[in-house]
1. Once both labels are modelled 7 Å past Cα along the beta-carbon direction, what's the residue 154-residue 141 spacing in nm?
2. Multiplying the sequence separation of residue 44 and residue 69 by 0.36 nm and subtracting their Cα-Cα distance, what value in nm do you get?
């Protein structure tokens, strides 16, 4: 269970306390989580609820800017993540898959040439395990958006098992666009 899942499960208990909230006319209620120094709420995008955290009430203006065409924004962020991480996902996925079927007890008894021959015989060619950008984009899905007070944002994506269940982060800001993607 991720951090945002835990936060939203605890939302009812927190709401029963005297913590402050603010209501935005476009996005609804945001609840202050004092321990984390941010406000949390949700938006609807891609036909589902997406968790949103704002460092300040004023951060909602950055959310408003992003939300003007949220579907295109998410598509561009997904494409950026794919451009940055595609090669890593193909190598990581192939290596992890290969490691799952190789019996390490057999390795010391093989020379390098014997091992390479065994690998070529028993493993499909790497091209069959490689994804393209479109495949990568189809596998990931947006989980949450965090917006800082300086118009910077962090998007968290489910990795669709491209990296064996890790999350994908895409950073950026209103002025520069997307600046980093990582697993």
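A short reminder: the numbers here are calculations on the coordinates, not readings from a lab. This is a predicted model, so every value here is computed, not measured. FYI the Cβ positions are ideal-geometry reconstructions off the backbone, even for glycines, and counts take in every protein chain you see.
1. 2.3 nm
2. Numbers: separation 25, 0.36 × 25 = 9.00 nm, distance 1.21 nm.
Here the answer is 7.8 nm.
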